[in-house]
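Just below is one structure, and these are the notes that go with it.
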Amino acid sequence: MDDRVYTCEPSTPKLTMEGRAVELATYMIHDNNFVKLRDIGKLIDFGVIWDEAQRRVLIDSSKGYLEE
């Protein structure tokens, strides 16, 4: 078990998609930028499903994004 403690702070990297600026909530954790998978799914339009029984995330590129 990792007992280290990291801070999580909002970050402001410049993100682009096909040459256009996009805004996504980004977070800096231990010198790395993180973005929510659901936000990327919504932007690009792919399915993001939480499987509670298996406790895993599924990505379905054959379906569009749906709000939970």
Quick check of the Kirkwood formula: for the chain, what is the inverse mean of 1/r over all pairs of different Cα atoms, in Å? 14.0 Å
Long-range amide H contacts for Asn33: which residues qualify at under 5 Å (H placed 1.01 Å from N, peptide plane, sequence gap of 5 or more or a different chain)? none
Amide H neighbours of Leu15 at under 5 Å, excluding residues fewer than 5 places away on the same chain, with H built from the backbone geometry, are Val22
Can you work out the PRE-style zone for Arg20? Point 7 Å along Cα to Cβ, and I want the residues of segment 50-68 with backbone N under 17 Å. 65
Probe 1.4 Å, all protein chains present, accessible-area order of Ser61, Ser11, largest first: Ser61, Ser11
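What range in the chain is the longest one free of trypsin sites (Lys or Arg not before Pro) that are in a loop by DSSP and have at most 15 other Cβ atoms within 10 angstrom? Walk me through the numbers on the way to the answer.
Numbers: sites that count: Arg4, Lys14, Lys36, Arg55, Lys63.
The longest uninterrupted stretch comes out as 15-35.
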What relative contact order, as a whole-number percentage, does the chain give when Cα pairs under 8 Å and 6 or more residues apart are counted? 20 percent
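The values are calculated or read from the model by the stated rules, or taken from the named source; none is laboratory data. Nothing here was measured: the structure is a model prediction, and the numbers come from that model. With ideal geometry, Cβ positions are generated from the backbone for all residues, glycine too; neighbour counts draw on all protein chains shown. Heads up: the accessible areas ignore ligands, DNA and RNA and are worked out on the full protein's heavy atoms, side chains in. Shrake-Rupley method; radii C 1.70, N 1.55, O 1.52, S 1.80 Å.
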